[in-house]
Amino acid sequence: MRGSEPDSRDPATRPTRIHVVSDVHGNTEALARAGDGADALICLGDLVLFLDYADHSRGIFPDLFGKENADRIVALRTARRYDEARAFGRELWAGRDRNTEILGAVRKQYAELFAAFPTPTYATYGNVDVPTLWPEYARPGTTVLDGERVEIGGRVFGFVGGGLKTPMNTPYEISDEEYAAKVEALGPVDVLCSHIPPEVPELTYDTVARRFERGSTALLEAIRATRPRYALFGHVHQPLVRRMRIGTTECVNVGHFASTGTPWALTW
């Protein structure tokens, strides 16, 4: 849902409205409007655009190596020929300072994206983000949370950032054990916010990529045990199912913000 105009009624009586985005992937223009009409914005990560699988001319990779090479790397990854994709990547990076060039490009994106965040914003990391850089760009009014809780409008929100280990080897992938520890640290919450979904086939299958993305069994177990009102997440760009119930919990993929430019709205 797109944000509505600010409510002119007494703030003590009007509803609380939160906008939620995930998988921003460089869509700075829409991000700057994402908090319009809301009391706060929540961002569930993946700010960086490394390579746009829908438009291979966009992102850090084609900026460095050109669209033809981006076409090839996408074809290899889509065919799950990950070893060949990694070998091809090593060829392209031969003689270049990979870390310096990528971090420079990420810093440029972060400078623009963090400047677009409204106040207040509550954000956690996606699997393609670089957490060590966030303190340099998070301004006053942007709160970064990972394995932590915060109260918004009288409800408790818990945040778990990052993704789990995959052959893609994206920047912020961690072990199942480390991820589960962050989930456990939250305890019971009203709204469970994460980048990746709980481990449910309908929520983890991408209908365009035609593969299962990694979901978290720890998130699924927490949902069953603590029964939050909502579990909000992104990561899977074209899921088989965007919304389903697990017990009393409404599980919602808030959408691929890079392509829709529209936040998901929660009002109470």
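The values are calculated or read from the model by the stated rules, or taken from the named source; none is laboratory data. Only a predicted model underlies this, so the values are computations on that prediction, with no experimental measurement involved. So basically every Cβ, Gly included, is an ideal-geometry build from the backbone, and we count neighbours across all protein chains shown. Calculation scope for accessible area: heavy atoms of the full protein, side chains included, ligands and nucleic acids excluded. Shrake-Rupley method; radii C 1.70, N 1.55, O 1.52, S 1.80 Å.
With the structure loaded, tell me whether Gly66 is crowded, with 21+ Cβ neighbours inside 10 Å and either free of Cβ contacts under 8 Å to residues at least 40 places away in the same chain or out of contact with any Lys or Arg (no Cβ under 8 Å at 6 or more places or on another chain) (or both) or whether it fails that test.
no
Could you tell me which of the residues Ala185, Ala231, Ala222 is modelled with pLDDT of 95 or more and open to solvent by less than 10 Å² (accessible area, probe 1.4 Å)?
Answer to the selection: Ala231.
Is there any pair linking a residue in region 110-131 that is over 18 Å from Arg149 (Cα atoms) to one that is polar (S, T, N, Q), with Cβ under 6 Å and at least six apart or on different chains, and which?
Close Cβ pairs (under 6 Å, with a partner that is polar (S, T, N, Q)) amount to Glu112/Thr28; Leu113/Thr28; Ala116/Thr28; Phe117/Thr142; Asn127/Thr170; Val128/Thr170.
Would it be correct to say that Phe157 is within 21 Å of Ile196 (Cβ to Cβ), of a type outside the set (D, E, K, R) and modelled with pLDDT of 95 or more?
The answer is yes for Phe157.
Is it the case that Arg210 is in contact (Cβ under 8 Å) with a residue 40 or more places away in the chain, within 30 Å of Asp83 (Cβ to Cβ), open to solvent by 60 Å² or more (accessible area, probe 1.4 Å) and not small (Gly, Ala, Ser)?
no
Applying the selection to region 142-162, what residues are closer than 15 Å to Phe114 by Cβ and open to solvent by 30 Å² or more (accessible area, probe 1.4 Å)?
Thr143, Val144
State whether one or more residues within region 220-228 are at negative phi and not in a helix (DSSP H, G or I).
Yes; the residues of region 220-228 include at least one that is at negative phi and not in a helix (DSSP H, G or I).
Take the residues in region 249-268 that are touching a Pro at 6+ places or on another chain (Cβ under 9 Å) and β-branched (Val, Ile, Thr); name whichever of them is most open to solvent (accessible area, probe 1.4 Å).
Per the criteria, the residue is Thr267.
Kindly indicate whether Ala79 is aliphatic (A, V, I, L, M), open to solvent by 50 Å² or more (accessible area, probe 1.4 Å) and at pLDDT below 95.
yes
Determine if region 144-166 includes at least one residue that is farther than 27 Å from Thr28 by Cα and polar (S, T, N, Q).
yes
Name the residues in region 82-106 that are acidic (Asp, Glu) and either on the phi > 0 side of the Ramachandran plot or modelled with pLDDT under 90 (or both), would you?
Listed by number, the list is empty, since nothing qualifies.
For Leu41, state whether it is among the aliphatic types (A, V, I, L, M), under 26 Å from Glu151 (Cβ atoms), in contact with a strand residue (DSSP E or B) (Cβ under 6 Å, 6 or more places away or on another chain) and touching a residue at least 60 places away in the same chain (Cβ under 8 Å).
So Leu41 fits the description; yes.
Can you name the residue in region 13-50 that is among the polar types (S, T, N, Q) and either in a loop (DSSP other than H, G, I, E, B) or crowded, with 21+ Cβ neighbours inside 10 Å (or both) and is also farthest from the chain's Cα centre (by Cα) among such residues?
Thr13
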